[in-house]
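What follows is a single structure, written as structure tokens, with notes after it.
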Amino acid sequence: MKKMLFASAFCCAVSLTHAETVKIYAAASLNNALIDITKLYEKKYPETKIIPVFGASSALAKQIETGAKSDLYFSADVDWMQYLVQKNAIQMQQVKPLLFNQLVVISAKNLNIPFKAQSNFNFAKTFKGRLCTGQMESVPVGKYAKQSLVKLNWFDALKGRIVGTDDVRSALAFVERGECDVGIVYKTDALISQKVKMLGTFPQNSHHPIIYPLALTVEGQKNKEAVHFKNFVQRDPQAKAIFVKYGFSLYK
């Protein structure tokens, strides 16, 4: 009996050792949706282990550039994807635009801050504290935020009050804790929080299109399981439904 138990345990250990792994570096705003898709995939294909790593698209791209092992890269903008193409970490033919998002202004639920996405509206005077968003020179949500603030002629009036965070989820957390009166985040991030409300949406023509491209890295192209997972994320109807559930729009 002991021999049988030992043999069974040994077989399990060997099976786990040989489980295929796929590592995907993904924008922080994809966290909830991609976790759900990962669970769905692993239930269908239990021999494969998906390892998601979430963060700002900028930080993840820099990590991949410097040699971090990643099979897939899922960015919150096209610029950082193009950056990795230029660094020969990703081949252009592997890049697939997959999702759209929207840029919104949020506040804590107990605050009553008016918002109109018009250049003649004095947004800076509607609140006294700080505004949180991603770092404006690198983190995609911060880049989009700056574009919109400049387009609406609000940026100069807010100088000195803008807090740049490491990623969009950090900006959301600052607003949830009351450390910032308002935040500029993606619609999908605002929807997952019970502590904030959306004050309004920035017009799409006030910033570059918020497109999420997905691609295999050069190393990932050698991993058959990574290729299979990429196809699943792109094409599976249940995966698409999960993205829509969390507020993303599908790229046509």
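The values are calculated or read from the model by the stated rules, or taken from the named source; none is laboratory data. Since we're looking at a predicted model, the values are computed, not measured. Neighbour counts are summed over all protein chains in view; Cβ atoms, including those assigned to glycine, are modelled from backbone coordinates with ideal geometry. With ligands, DNA and RNA removed, areas are computed over all heavy atoms of the protein, side chains included. Shrake-Rupley method; radii C 1.70, N 1.55, O 1.52, S 1.80 Å.
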Rounded to the nearest 0.05, what FRET efficiency do E65 and N120 have when you use their Cβ-Cβ distance and R0 = 41 Å?
-> 0.45
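What is the magnitude of the charge dipole of the chain about its Cα centre, with +1 placed on the Cβ of each Lys and Arg, -1 on the Cβ of each Asp and Glu, and no other charges, expressed in debye to the nearest 20?
Numbers: 33 positive and 19 negative charges, 93 e Å.
I would put it at about 440 debye.
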Label T201 and K245 with points 7 Å out from Cα along Cα→Cβ: what is the distance between them in nm?
-> 2.2
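By how many nm would the segment from H208 to N112 grow when fully extended, if each residue of separation counts as 0.36 nm and the alpha-carbon distance is taken off? Could you put the intermediate results ahead of the total?
Values: separation 96, 0.36 × 96 = 34.56 nm, distance 2.87 nm.
Additional length available on full extension: 31.7 nm.
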Computed ³J(HN,Hα) along region 63-71: with the Karplus parameters 6.51/-1.76/1.60, θ = phi - 60°, integer Hz and x for glycine or proline, the list is 5, 5, 4, 8, x, 4, 6, 8, 8
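Over region 79-189, consider all pairs of different Cα atoms and compute the Kirkwood hydrodynamic radius from their mean reciprocal separation; express it in Å, one decimal. Present the calculation step by step, with values, prior to reporting the outcome.
Values: mean 1/r = 0.0665 Å⁻¹.
15.0 Å is the Kirkwood radius here.
With a Förster radius of 22 Å, plug the Cβ-Cβ distance of Q238 and L191 into 1/(1 + (r/R0)^6) and report the FRET value to the nearest 0.05. Don't jump to the answer; show the numbers that get you there.
Details: r = 20 Å, r/R0 = 0.89.
It comes to 0.65.
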Could you work out the local net charge near K87, counting Lys and Arg as +1, Asp and Glu as -1, over the other residues with Cβ closer than 15 Å to its Cβ?
-> -2
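Could you tell me what percent of the accessible area of region 103-201 is made up of carbon and sulfur, with a 1.4 Å probe and every protein chain present?
Values: 2080 of 4530 Å².
Looking at region 103-201 in its full context, I get 46 percent from C and S.
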Are there trypsin sites (Lys or Arg not before Pro) in region 103-204 that DSSP puts in a loop and that have at most 14 other Cβ atoms within 10 Å, and which ones?
-> K109, K116, K128, K159, R177, K195
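First select every other residue whose beta carbon is under 13 angstrom from the beta carbon of L250; then total the charges, Lys and Arg +1, Asp and Glu -1. If you can, show how the numbers build up before the last one.
Working: positive: K96, R235, K240, K245, K252; negative: D236.
Once all neighbours under 13 Å are counted, the net charge is +4.
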Given charges at Cβ of Lys, Arg, Asp, Glu: the chain dipole, positive-most of Q118, N153, A108 | A108
Just list whichever of K116/K252; K197/K252; K128/K245; K43/K224 have alpha carbons separated by over 23 Å in the model shown.
-> K116/K252; K197/K252; K128/K245
Other residues with Cβ under 15 Å from the Cβ of F232 give, with Lys and Arg +1 and Asp and Glu -1, a net charge of +2
Mean projected area (nm²) of the alpha-carbon convex hull when region 155-252 is viewed from all directions = 9.0
By per-residue mean of other Cβ atoms within 10 Å, what is the highest-first order of 95-103, 48-56?
-> 95-103, 48-56
Which value, in debye to the nearest 20, describes the size of the charge dipole of region 101-148 about its Cα centre when Lys and Arg Cβ atoms bear +1, Asp and Glu Cβ atoms bear -1, and nothing else is charged?
-> 160
Go from 0 up to the bin containing the longest alpha carbon distance in the chain, width 10 Å each, and give me the % of pairs per bin.
-> 7, 29, 30, 19, 9, 4, 1, 0, 0
With the dipole of the chain defined by +1 on each Lys or Arg Cβ and -1 on each Asp or Glu Cβ, the option from T66, Q234, Y25 whose Cα lies farthest towards the positive pole is Q234
Place a +1 charge on the Cβ of each Lys and Arg in region 115-252 and a -1 charge on the Cβ of each Asp and Glu, then give the dipole magnitude about the Cα centre in debye, rounded to the nearest 20.
-> 360
Cα extents of region 25-123 along the three principal axes, largest first, in whole Å?
-> 52, 36, 22
